[in-house]
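Presented below is the structure to which this report refers.
The values are calculated or read from the model by the stated rules, or taken from the named source; none is laboratory data. None of these values were measured; they are calculated from a predicted model. Every residue, glycine among them, receives a Cβ derived from its backbone with ideal geometry; neighbour counts consider all protein chains shown. Ligands, DNA and RNA are stripped out before the accessible areas are found, and what is left, the full protein with its side chains, is counted by its heavy atoms. Shrake-Rupley method; radii C 1.70, N 1.55, O 1.52, S 1.80 Å.
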Amino acid sequence: MRTLHQTFAVPFQFPVHFTSGLFKIDNPTLSDTLDARGDRAGKKALVVVERQLLKHFPLLLNQLALYMQVNVPDLQYIHKTIIFEGGERIKNDTGAVQELLKTIHEQGIDRQSFVLCIGGGAILDMAGYATSIAHRGIRLIRIPTTVLSQNDSGVGVKNSINAFDKKNFLGCFTPPFAVINDFDFLTTLDDRDWRGGISEAIKVALIKDASFFESIQRNAQDLAHRSMIPMQQLIHRCAEMHLQHIASGDPFEMGSSRPLDFGHWAAHKLESMTSYQLRHGEAVAIGICLDAAYSFLQGRITSKEFEAIFSLFRTLGFTLFIPEMKRSQDLIEGLNEFREHLGGRLTIMLLDRIGKGVEVNEMDQALLVQALQLLEKYQHQDFQVECNEVAVR
Ligand SMILES: NC(=O)c1ccc[n+]([C@@H]2O[C@H](COP(=O)([O-])OP(=O)(O)OC[C@H]3O[C@@H](n4cnc5c(N)ncnc54)[C@H](O)[C@@H]3O)[C@@H](O)[C@H]2O)c1
Ligand SMILES: [Zn+2]
């Protein structure tokens, strides 16, 4: 046998900017981003945006075109913007990917040209997938417009669409060229989408950072009432923790362990069981509470800690038990699908305490059914845990 061994490492880097008024003429964030490699002259820029957003920001495309004309005249701005319906349905078939690929082909977008995608996590996932496969990779600038996409999905390296009724079945790991979070977009979110992304922040706080969890507790009422400053702080910290985690761990998920998927095995299954009527962030809130209840029933966390977690989600306005959860066997099937998606051995994140996750390789079905019953009971109870009563260990 003769073998040649190949090894190389490719460093990836991309900025995640936080700003407001992104398309105001005097905001340099976008023009600087486009010139980050000093080679923008002559490159093309194609814009992909969701229709929902244009209803709220009807002048957005005019502002963007003017911005490009004034600040980036050396770039070929493609005026044929692609407008898609936003939301999860965009990931549920290959239609949007095909349309974007066709436009990339027709407009002669090359590997060093830019696609700017403006919208929520769903359209960003779809555009990330399409731009990763066209020419084996086009520069994507993500401009996330929901809490969840600004603090979680938009800052990572994963891109995907759903297939065969399975979440994220088709996809790839491709870092973006840059991410630009403009906080102004958050003002028009409906309450469900304002709230939804907070669950991803609670997720990282619970597995990694007790003081972050406490700060979310302290700000819970303000967050529930749509106060912008604590939301900006939450997004910044959550995005930072996601970035640190991706860089320090297993960015392309070669192993079976996926700490950032705490609460997600049930969340993904519930999304598909509700035909995606439940939003990702809402499903993650339930998934976290379910795994926290299970952690409590296993004696890993105290009842006070479980109640603190449940109560925080309740204060924020989440519903934590839905009728589909009565179909416990169907839900538990989500464990198999999760294992299959990860490959290798089932690895699930549970809690050892608030701020510290622990991985396990199996879940007891009878205990899971009890955890579901606990959530149902608590959902119907009108209880409130005083935030300052909860001792984070
Ligand atoms: N790639 C990853 O690593 C990763 C991680 C987590 C989640 N995700 C994916 O992200 C998606 C969820 O993202 P999401 O929560 O942003 O949902 P979403 O993209 O479905 O958006 C939710 C709703 O908000 C609307 N919207 C977007 N911006 C708006 C604005 N500024 N004002 C008013 N309405 C606006 C959308 O049209 C949609 O109806 C899921 O598909 C999930 O699987 C991906
Ligand atoms: Zn998530």
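Here Gln365 and Gln63 are evaluated by their C-beta separation; at R0 = 45 Å the FRET efficiency comes out at 0.25.
Each label point was placed 7 Å from the Cα along the Cα-to-Cβ direction; for Asp32 and Gln329 their separation is 5.9 nm.
Kindly identify the stretch 58-121 as rounded, prolate or oblate by the Cα gyration tensor criterion: order the square roots of the eigenvalues as a ≥ b ≥ c, call it rounded if a/c is under 1.5, otherwise compare a/b with b/c, prolate if a/b is larger, else oblate.
On the way: a/c = 2.61, a/b = 1.42, b/c = 1.83.
Oblate, because a/c is 1.5 or more while a/b does not exceed b/c.
Taking amide H atoms as placed 1.01 Å from N in the peptide plane, the amide H of Phe23 has no partner under 5 Å among residues 5 or more positions away or on other chains. Taking a ≥ b ≥ c as the square roots of the Cα gyration tensor eigenvalues, the stretch 314-380 comes out oblate, since a/c reaches at least 1.5 and a/b does not exceed b/c.
Tally up the carbon and sulfur contribution to the accessible surface of the chain as a whole percent, 1.4 Å probe, everything protein left in place. Write down the numbers at each step before the final one.
Numbers: 8540 of 17420 Å².
About 49 percent, which is the carbon plus sulfur part of the accessible surface.
In this calculation the C-beta distance from Gln277 to Gln6 is compared with R0 = 45 Å, giving a FRET efficiency of 0.45. The DSSP beta bridges internal to the chain are antiparallel in roughly 30% of cases.
Taking 27 Å as the straight-line reach from the Cα of Lys269, the lysines in range (excluding those fewer than 8 positions away in the same chain) are Lys91, Lys158, Lys166, Lys167, Lys203, Lys208, Lys326, Lys356, Lys377. Quantify how much of the Cα-Cα distance distribution of the chain extends past 29 Å, in percent. Pairs farther apart than 29 Å: 43 percent. By the Stokes-Einstein formula, at 0.890 mPa s and 25 °C, the stretch 256-340 with its Kirkwood radius over alpha-carbon pairs has D equal to 186 µm²/s. With a Förster radius of 25 Å applied to the beta-carbon distance between Gln13 and Ala41, the computed FRET efficiency rounds to 0.70.
The antiparallel fraction among DSSP beta bridges confined to the stretch 96-223 stands at about 40%. Relative to the current alpha-carbon distance between Gln233 and Lys356, full extension at 0.36 nm per residue lengthens the span by 42.1 nm. The fraction of Cα-Cα pairs per 10 angstrom bin, counted from 0 for the stretch 110-228, comes to 14, 38, 31, 14, 2 percent, rounded to whole percents.
What separates the Cα centres of the stretch 67-90 and the stretch 154-205 is a distance of 20 Å. Under a 5 Å amide H cut-off, with hydrogens placed 1.01 Å from N, Asp352 pairs with Gly357, Val358 among residues at least 5 apart or on other chains.
Sort the stretch 209-309 into rounded, prolate or oblate with this rule: let a ≥ b ≥ c be the square roots of the eigenvalues of the Cα gyration tensor; rounded if a/c is under 1.5, and if a/c is not under 1.5, prolate when a/b is larger than b/c, oblate otherwise. Before the final figure, lay out each step's value.
Details: a/c = 1.25, a/b = 1.11, b/c = 1.13.
It comes out rounded by the Cα gyration axes.
Among the trypsin sites (Lys or Arg not before Pro) in the stretch 42-106, those placed in a DSSP loop whose Cβ has at most 14 other Cβ atoms within 10 Å are Lys80.
As a test of understanding, state the convex hull volume per residue of the stretch 16-188 from its alpha carbons, in Å³.
Hull volume over Cα atoms, normalised by residue count, gives 99 Å³.
The longest part of the chain holding none of the exposed loop chymotrypsin sites (Phe, Trp or Tyr not before Pro), meaning those outside H, G, I, E and B in DSSP with at most 15 other Cβ atoms within 10 Å, is 13-163.
When restricted to Cα atoms, the stretch 194-389 yields an Rg and a Dmax of 15.6, 44 Å, respectively. Within the straight-line cut-off of under 19 Å between alpha carbons, the aspartates and glutamates reachable from Lys43 are Asp32, Asp35, Asp74, Glu106, Asp110, sequence neighbours fewer than 8 places apart in one chain being disregarded. The slack between Arg136 and Gln373, meaning 0.36 nm per residue of separation minus the straight C-alpha distance, is 80.6 nm.
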